[in-house]
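Q: Okay, here's the structure, questions in a sec.
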Amino acid sequence: MQNRIIARFTDGKILKGTTSDLLPNKTVFHLSENDTSAIHKVDIMHLKAIYFVKSFEGNKSHQEKTDVERVGLGKKIMVSFKDGETLVGYTQGYSANRSLFIVFPCDPESNNEKVFVVTGATDKVTFI
């Protein structure tokens, strides 16, 4: 199955494309770039996060809601990245000792279906 993703690197670089070999226990995956079909070998430790998205364009006018209660997605969490971005959602598997954890957005209308967060790119993680 092809997953539509946006890979955001710690240096600010962004790649948009699809992958079929991204697994939580692997440190490398391949991304087929959306615009050029170029295949990139991506080392997860160079990333800030991997956004699994509904569309590459998103909806620029959509305001993310962070006050929506979503049952079954885990504990509510606020992730502050080293670059200043903040992500609020739900997680079932955060541990400071893990290299990755998944955050599901609060807003079911979000363009993000889920986000793989690279723990090393975070500044602070708080349960709220």
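Q: Which ³J(HN,Hα) values, rounded to whole Hz and listed in residue order, are derived for segment 68-75 from phi using the Karplus coefficients 6.51, -1.76 and 1.60 in 6.51 cos²θ - 1.76 cosθ + 1.60 with θ = phi - 60°, glycine and proline given as x?
A: 8, 8, 10, 6, x, 9, x, 8
Q: Another question about this same structure. Taking amide H positions as placed in the peptide plane 1.01 Å from N, state which residues far from Lys65 in sequence (5 or more) or on other chains have amide H under 5 Å from it.
A: It is Asp107, by chain and number.
Q: Taking H as built 1.01 Å from N, whose amide H comes closer than 5 Å to the amide H of Thr10, not counting residues under 5 places away?
A: Long-range HN contacts for Thr10: Leu47, Lys48.
Q: Just report the Cα centroid separation between segment 52-99 and segment 1-36, whole Å.
A: 18 Å
Q: How far is it, in nm, from the label point at Glu85 to the one at Thr10 when both lie 7 Å from their Cα along the line to the Cβ?
A: The modelled label-to-label distance comes out at 1.5 nm.
Q: Compare Thr91, Thr18, Thr66 in a GNM of the chain, Cα atoms joined below 10 Å, and give the one with the largest fluctuation.
A: Of the options given, Thr66 has the highest mean-square fluctuation.
Q: Further question on the same structure: Sort 6-14, 45-53, 106-114, 33-41 by packing, meaning the average of other beta carbons within 10 Å per residue, with the highest value first.
A: Put in order of decreasing packing, that is 45-53, 106-114, 6-14, 33-41.
Q: Follow-up. From Cα pairs below 8 angstrom and at least 6 apart in sequence, can you work out the relative contact order of the chain, rounded to a whole percent?
A: Reported as a whole number, the value is 23 percent.
Q: Expected output is a single nm value to one decimal: the length gained when fully extending between Ser20 and Val68, i.e. 0.36 nm times separation in residues minus the C-alpha distance. What is it?
A: 14.2 nm
Q: Could you name the aspartates and glutamates in cross-link range of Lys82, using Cα to Cα under 15 Å and dropping any fewer than eight places away on the same chain?
A: Asp11, Asp123
Q: Turning to a different aspect of this structure: Which of the following values of Rg and Dmax of the Cα atoms in Å was calculated from the structure shown: (1) 13.9, 44; (2) 14.1, 41; (3) 13.3, 40?
A: The value computed from this structure is option (2).
Q: Of Lys41/Lys75; Lys26/Lys48; Lys13/Lys65; Lys48/Lys76; Lys41/Lys76; Lys41/Lys114, which sit over 23 Å apart, Cα to Cα?
A: Lys41/Lys75; Lys13/Lys65; Lys41/Lys76
Q: Quick one: which residues, 5 or more positions from Leu100 or on another chain, have an amide H under 5 Å from its amide H? H modelled 1.01 Å from N in the peptide plane, none for Pro or chain starts.
A: Thr119
Q: Find the relative contact order for segment 1-60 and round it to a whole percent, using C-alpha pairs within less than 8 Å whose residues are 6+ positions apart.
A: That works out to 37 percent.
Bear in mind these aren't lab numbers, they're just calculated from the coordinates by the rules spelled out. Just so you know, these numbers come straight off a predicted model, no measurement behind them. Cβ sites come from the backbone with ideal geometry, for glycine too, and all protein chains shown count toward neighbours.
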